[in-house]
Amino acid sequence: MVWTDITTVQVPRIHIGVAAVAAMFREHGCEVQLYVPLRLDIEEFLALVERYDPDTVAFSSMTPQFCYTSQLAQALKLVRPEVLTVIGGAHASYAPQEVIANEAYDVLCRAEGEMAVTQIALRDPRPEALADVQNLWVRMPDGEVIRNPIGKLFGPLDDLPYVARDIFDYPAVLDSANGEMCTMGSRGCPYVCDYCCSPTFNVLSKGQGKVVRRYSVTRVVDEIVSVVERWPQVETVYFIDDIFAPSWEWLEEFRDQYPDRVGRPFRVLLRVECAKPRMIGLLAEAGCYHIDYGVESGSEWLRRHIQNRTMSNDQIEEAFALTRDHDIRTNALMMVGMPQETPEMVQESNALLERLDPDEVTPSIFYPFPGTRLYELCKDEGWLTDRWASDPFQTSILNLPTMSTEEIVRWFHQFTEQGFARAAQRHAQGVFDFLANLDQASVESPWVDDVKFGYFCKTWGRTPWLFAPPPCSLEFDVELPPAARLAFCHGMRHAEGVDPPLDAAVEFSVRIDGELVYRRRRKVGELHALRPWDAAEVDLSRWAGQRIRLSFLTTPHGDLSQTYACGWGGAHLEGARAVEAGV
Ligand code: B12
Ligand code: SF4
């Protein structure tokens, strides 16, 4: 199987859909090897094909990954035309015409994959043998494409095998997510937001069974327990259900089982309409520490008329207040750059965020996904550009009459930065948190405006990052606690459109009153290693109790653009643990 996870994040991740499909292949006796390139490397891919000599190569692709996936599929077909190529996932499901037009794919799977995969596993790996399988579009040897209808939705979900996490480098996935494991309690969503593919899935699967389906509590907890037994480094659990809104009975049973059997804090995604006192109370009792709410815009008009979301701002505010009252962290998911959105509406989003006062803000730039109503609107209005955005985090692919691309990107960065600054302050660590106290720092840099909070891969683990493009110096005057210890991360990742020589490097160093206490060089050429950051600790007991000048420095070596994304994460001083440890 191949999942071309090429984005700026560049850390090992799991894709539950891929793990689900792999589990089904295995269930039917197939051996599965997974390839998850974090950057496009056709030679590496072909070497793996050569090594494993597969009958079938199965690709999974979302829209932003499709162009990379296709380059691999085309390269494969050139050298090994006899290998059956199958593609599934969101892009194949919702843009099947575009996908099947690419002759590198023999078979395309729409919507859920499990039933079709069963047939692919059981039958001969030839398109002709799959000609009548539901959910599949099949290119026959004469070039004709057979378009089979979508079949029954899988049920009951408890009959599915546990997803195959082990085909991923799961310890590395957990490490990059700070010990957070993803899982699901249900499938499907009954809502109808116009930018989302879930309503399209519902239309495709109409008449094929209940779309919203739920695993039993025991099955959900059993699977988590089995993961924790195998990988005890799991610290928290993330339910990635479209929305985590079970019945009271389910949630009460979950509250009775989860704390005793798993006991690790968990987070969920929720609609504000579902945030009733009883629901939030039960979630809190079960150990929920964090809720992601889709807010998306502060403009009620935009939400109602463009996004098809009818909740009021009052409802959103009540949900956030209620959640906070239960000591559960809140994250506001926001979008900017929607059709018809004006700068005034973005100001409304800004004002709503002020009132909500969430612990975190996760903004994204609106990206019209094929199959959604808003994609059709953008296409009909001629707003789609050929400015293809490989990573929806970076820019808008629309030319909107109401807002310029520059404005959209500026607002996006502003929301990102405000969100992380807020998170840094809210969740200050240790006895002194450097990022939460950034206003006390003296910052020296030729590009001081670029020294700011931002998105770095470790934020999957919810650590705020401060970018410090080299050369940059951040100096703090601090009084050290007894038995002091400094903990921090530093990292560097590839920035879009920047291609410095591979031997260029950044030196990360820490000085105390001018004395070097830490130094590490990171080469650009090493960036595609699994983990683009380092976590470090420095014992400062020599200066315990003293007032010192502590500097974090990033220094360029070689021809390195200042736009390179590098900086510091979670930097803080610890005292107590060091004393306990007798340091
Ligand atoms: C959870 C989730 C995430 C989580 C992923 C967590 C994880 N570790 O898995 C996070 C938050 C990280 C995430 C990120 C993104 N996501 Co997301 N995500 C979802 C969500 C809500 C559920 C996905 C899921 O796991 N479903 C359950 C599994 C079992 O289903 P599945 O993945 O669809 O797989 C099934 C079928 O598609 C099929 N299948 C899949 N692959 C293959 C391959 C073969 C060969 C076959 C035969 C079948 C097959 O079989 C599977 C089992 O039935 C969906 C919405 C949805 N309801 O699908 C959006 C969704 C998939 N995400 C989406 C997007 C766009 C993104 C981002 C690009 C957003 C962004 N701004 O960056 C990133 C991309 C990250 C990345 N590189 O993967 C879009 C995709 C739209 C599109 N056309 O591409 C969706 C549909 C939401 C939407 N906007 O409508 N996402
Ligand atoms: S509530 Fe979430 S998953 Fe459901 S349709 Fe809206 S955006 Fe999609």
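So the values come out like this:
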item: Residue ID - farthest from residue 7 (Cα to Cα), chosen from residues in region 394-440 that are crowded, with 18+ Cβ neighbours inside 10 Å and among the β-branched types (Val, Ile, Thr); result: 408
item: Pick from region 11-23, criterion within 18 Å of residue 61 (Cβ to Cβ) and not in a loop (DSSP other than H, G, I, E, B), ranking: farthest from ligand 2 (Cβ to nearest atom); result: 22
item: Scope region 165-189; condition within 12 Å of ligand 1 (Cβ to nearest atom) and in a loop (DSSP other than H, G, I, E, B); matching residues; result: 168, 177, 184, 185, 188, 189
item: First in region 523-541 and at pLDDT below 90 and of a type outside the set (Phe, Trp, Tyr), second anywhere and surrounded by 14 or more Cβ atoms within 10 Å (Cβ to Cβ) and assigned to a helix (DSSP H, G or I), Cβ under 8 Å, 6 or more apart; result: 530/172; 530/176; 531/172; 531/175; 531/176; 532/457
item: Region 96-113, residues that are assigned to a loop (DSSP other than H, G, I, E, B) and surrounded by 19 or more Cβ atoms within 10 Å (Cβ to Cβ); result: 104, 105, 106, 110, 111, 112, 113
item: Meets criteria (within 16 Å of ligand 1 (Cβ to nearest atom), out of contact with any Asp or Glu (no Cβ under 9 Å at 6 or more places or on another chain) and modelled with pLDDT of 95 or more) for residue 268; result: no
item: Subset of region 296-326 that is within 24 Å of residue 376 (Cβ to Cβ) and buried (at least 22 other Cβ atoms within 10 Å of the Cβ) - its residue that is farthest from ligand 1 (Cβ to nearest atom); result: 299
item: Region 151-164, residues that are surrounded by fewer than 21 Cβ atoms within 10 Å (Cβ to Cβ), touching a helix residue (DSSP H, G or I) at 6+ places or on another chain (Cβ under 6 Å) and part of a loop (DSSP other than H, G, I, E, B); result: 151, 154, 161, 162
item: Qualifying residues in region 167-193 (those that are of a type in the set (Asp, Glu) and surrounded by 17 or more Cβ atoms within 10 Å (Cβ to Cβ)) - the one nearest to ligand 2 (Cβ to nearest atom); result: 180
item: Options 215, 238, 195: the member that is in contact with a helix residue (DSSP H, G or I) (Cβ under 6 Å, 6 or more places away or on another chain), at pLDDT 95 or above, more than 21 Å from residue 110 (Cα to Cα) and within 16 Å of ligand 1 (Cβ to nearest atom); result: 215
item: Residue in region 216-230 that is hydrophobic (A, V, I, L, M, F, W, C) and within 16 Å of ligand 2 (Cβ to nearest atom) present; result: no
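Here's the yes/no breakdown for (1) in contact with a helix residue (DSSP H, G or I) (Cβ under 9 Å, 6 or more places away or on another chain); (2) among the charged types (D, E, K, R); (3) within 22 Å of residue 422 (Cα to Cα):
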residue: 285; (1), (2), (3): yes, yes, no
residue: 293; (1), (2), (3): yes, no, yes
residue: 304; (1), (2), (3): no, yes, no
residue: 313; (1), (2), (3): yes, no, yes
residue: 334; (1), (2), (3): yes, no, yes
residue: 343; (1), (2), (3): yes, no, no
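The values are calculated or read from the model by the stated rules, or taken from the named source; none is laboratory data. A quick note: this is a predicted structure, and the numbers were derived from the prediction, not measured. Please note: Cβ atoms are built from the backbone with ideal geometry, for glycine as well, and neighbour counts cover all protein chains shown.
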